Amino acid sequence: GSRLSPYLTWGNISLRYVIVATREKQEELRAAQKKKSGSNPVKNNPWLRSLASFQSRMHWRSHFIQKLEAQPSLECQDQCLAFSNLRRQPGDFNQQYYDAWCEGRTGFPFVDACMRCLIRCGWVNFRMRAMLVSFATYNLWLDWKKIAGHLARVFLDYEPGIHYPQLQMQAGTTGINAMRVYNVTKQGKDQDPNGIFIRNFCPELKDVPMEYIHEPCNMPLNVQRKVGVRIGGSGGNRYCITDAMASSCSDLGINEKSECDVTFYPSPIVDEKKTAKAAKDKLSAVRKQESTKQEAAQVYLKHGSRRSPGMK
């Protein structure tokens, strides 16, 4: 990402300036390419492709802001009201899940690293943001309205017009977008294959071998003993060994109170595959209803992105 979002949000730089500067750079690159090759610019020029994608993101930014301006109620109700009962039944909200997600101690290293990075730095890229919301709303079955405040507080670039439409898009309540259910373990392996990001923001896992960095819950006790981390308990905390903890710590081969520091990292708080399937089944059941389809059609007429005549 360009990392310009905080500066756009706080008005340090204008959207007009960014778009004009982007177009000028595109023209400069096209002229240089034409001069170099003596023909038209190569269409698959990576810089030109990147700038075109970036410019498209600027248009999308305005598109989402316009959604909230056109329908301010998106801040407090589902865009497609057919989904209003999901995640809001008695017993759906789990405070422990919410707290673990907010603090980055879910037992899923990439999720926890992303949240801790966000808390510390105020910024993570779009993929990480989408994954955090997907994990909260699908795997933990948390209402998007419940998690909106926490994210708004930690996002340095919090922009209501982007925040609420995107939350609903990732939670699957717009009626016009596909379900976005991330496999968070796979995301970690794909985006942080060597565990560098995880080790940085989850320091309790810094000495965990590569083969277990994305799923430390699979780490045998003898390996836990070797690297000095216990899987299970409150993540990221260090405890002084007491008599009450002796039986737990003995599994790690730590039996002396003189060996005072033991680092704990939580076990996964949910079964990733089972919770994802259960959530998808619930949303699919609502999506298949004829009344939902009719309402989604109206949502599309009001908010759906459509290319203007003549655009290619």
>> Exactly one of these conditions fails for Ile176: (1) touching a residue at least 60 places away in the same chain (Cβ under 8 Å); (2) open to solvent by less than 50 Å² (accessible area, probe 1.4 Å); (3) among the β-branched types (Val, Ile, Thr). Give me its number.
In response: (2)
>> What pairs come out if I take residues in region 125-146 that are touching a residue at least 12 places away in the same chain (Cβ under 8 Å) and over 18 Å from Lys274 (Cα atoms) and pair them with residues that are of a type in the set (Val, Ile, Thr) and buried (at least 18 other Cβ atoms within 10 Å of the Cβ) whose C-beta lies under 7 Å away, six or more apart or interchain?
In response: Trp144/Thr137; Trp144/Thr173
> Looking at region 151-170, which of the residues that are within 18 Å of Leu118 (Cβ to Cβ), in contact with a Phe, Trp or Tyr (Cβ under 7 Å, 6 or more places away or on another chain) and part of a helix (DSSP H, G or I) is most open to solvent (accessible area, probe 1.4 Å)?
Replying inline: Ile162
> Of the residues Asp281, Asp251, Asp271, Asp261, which is more than 21 Å from Phe83 (Cα to Cα) and at pLDDT 90 or above?
Replying inline: Asp271
> Pick from region 77-113 the residues that are of a type in the set (Ser, Thr, Tyr) and open to solvent by 10 Å² or more (accessible area, probe 1.4 Å): which of them is modelled with the lowest pLDDT?
Replying inline: Ser84
> Hey, among Leu142, Leu74, Leu132, which residue is in contact with a Pro (Cβ under 9 Å, 6 or more places away or on another chain), among the hydrophobic types (A, V, I, L, M, F, W, C) and either modelled with pLDDT of 95 or more or crowded, with 19+ Cβ neighbours inside 10 Å (or both)?
Replying inline: Leu74
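The values are calculated or read from the model by the stated rules, or taken from the named source; none is laboratory data. Computed from a prediction, not measured in an experiment: that's the story for all the values here. Ideal geometry is used to build each Cβ from the backbone, glycine not excepted, and the neighbour counts take in all protein chains shown. Ligands, DNA and RNA are stripped out before the accessible areas are found, and what is left, the full protein with its side chains, is counted by its heavy atoms. Shrake-Rupley method; radii C 1.70, N 1.55, O 1.52, S 1.80 Å.
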